[in-house]
Structure formats: structure tokens, C-alpha cells
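The structure appears below as C-alpha cells.
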Amino acid sequence: MSTDQHIVDISVDAPFVHRVDVDNLRQCVQQTLASRKLRTVRVISLRLTDSRTVRRLNRRYRGQDAATDVLSFNVDFDGLRRPDGAVELGELIIAVPVAARGARERDCSLAEELALLTVHGTLHLLGFDHEEPDEDARMKSLERTALVRVGMASAARA
């Protein structure tokens, strides 16, 4: 299996199906992973859902009783591979209503905000963070690189 095509499993809850460009989000994940020059195929699951679901998950797993835009859950089994040799990286869960609010606040389209959140969450699954200023600058740079590759440079954080 070639690493130029990682496996991206995307599910979109019914109320949001017509608001989400699944192919674009798949490309966002592919380009983010491609920028890391990984030697093994990675598998990521992406779910686009409502705020209530994300709030419940955020409360349960992070102790924060609020909806957030994106949650990332790493698969923490070093060396665990599927029968096809691919490595499970983890799952991203995006709250579409929170993303829509973020798009309005950043004065961008929902598609741009979803692209940014998908790239951002994928970077978290790869182990990147933004707690410190130098980490944040590195993440912004990596986000911009991936977004440029999918033709959405305007979605990048300033």
C-alpha cells in the first residue's frame, strides 16, 4: 500500500450532509499527512456532528462542559497495525454548528473553517500542539502548508 493515499473514513450526521464537502476534507487530511512524509499508511476517522455530541464527549474525556469546534482522539497503541499494514492514527470529531460560528467570527466560509479544523485536528493526532508560542507558530506554519496544497490558503490562521 502506498503512503500517497492514507485512509480517511468520514461520516457526516444527516443534518449537515448538504453543508459539508467530504472530498475537500479528505484532501485536507491527505495533504496534512503527506507533508509529514510518513513511511506507513495511516488511518484517520473524521466525524462531523452536532454541538451536543461534542459537548458530551468534551465533558466525558476532557472534563470541560462545553461544546468545542474539534476534538482529536489519538490511538495510543505504538506499533499496532491493521491486517493491511496501515496504522490507526485516531479520530477527529467536529461540531459543525461551532465551526459555523467560528467561520462567522473569522469572516470566512464554513468550508474554509472546516478545512482548517480538519488540518488542525490531524496535526494534533500527529503529536503537534500549540500551548507554547513556538509550538503555535509551528502548527500555524504546518496548517498553512496543508491548506495551500488543497487550494485553501485563505483558511489559514493569521
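Each value in this text was obtained by applying a stated rule to the coordinates, not by laboratory testing. Since the structure is predicted, the reported quantities are computational estimates derived from the model, not experimental observations. Here the Cβ positions follow ideal geometry from the backbone for every residue, glycine too, while neighbour counts run over all protein chains shown.
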| said: Run the simple label-point estimate for Asp21 and Arg39 please: 7 Å along Cα→C-beta, distance reported in nm. | reply: 3.6 nm
| field | Estimated FRET transfer efficiency (Arg106, Arg138; beta-carbon r; R0 25 Å; 0.05) | value | 0.75
| field | the stretch 7-155, relative contact order [Cα under 8 Å, separation at least 6], % | value | 26 percent
| request: Hey, can you grab everything whose amide H is under 5 Å from the amide H of Val12? Only 5+ residues off in sequence or another chain; H modelled, so Pro and N-termini drop out. | output: Leu48
| query | Which of Val148, Val119, Val54 moves the most in a Gaussian network model of the chain with Cα springs under 10 Å? | reply | Val148
| Quick one: if the Förster radius is 22 Å, what FRET efficiency do Ala66 and Arg157 give, using the C-beta to C-beta distance and rounding to 0.05? | 0.60
| Under the Karplus curve 6.51 cos²θ - 1.76 cosθ + 1.60, θ = phi - 60°, whole-Hz ³J(HN,Hα) for the stretch 14-24, x wherever Gly or Pro sits | 3, x, 10, 3, 7, 9, 10, 9, 4, 4, 5
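Let me spell out the model: positive unit charges on the Cβ of Lys and Arg, negative unit charges on the Cβ of Asp and Glu, origin at the Cα centre of the chain. What dipole size does that give, in debye rounded to 20? Walk me through the numbers before you get to the answer.
On the way: 23 positive and 24 negative charges, 40 e Å.
Its charge dipole is roughly 180 debye.
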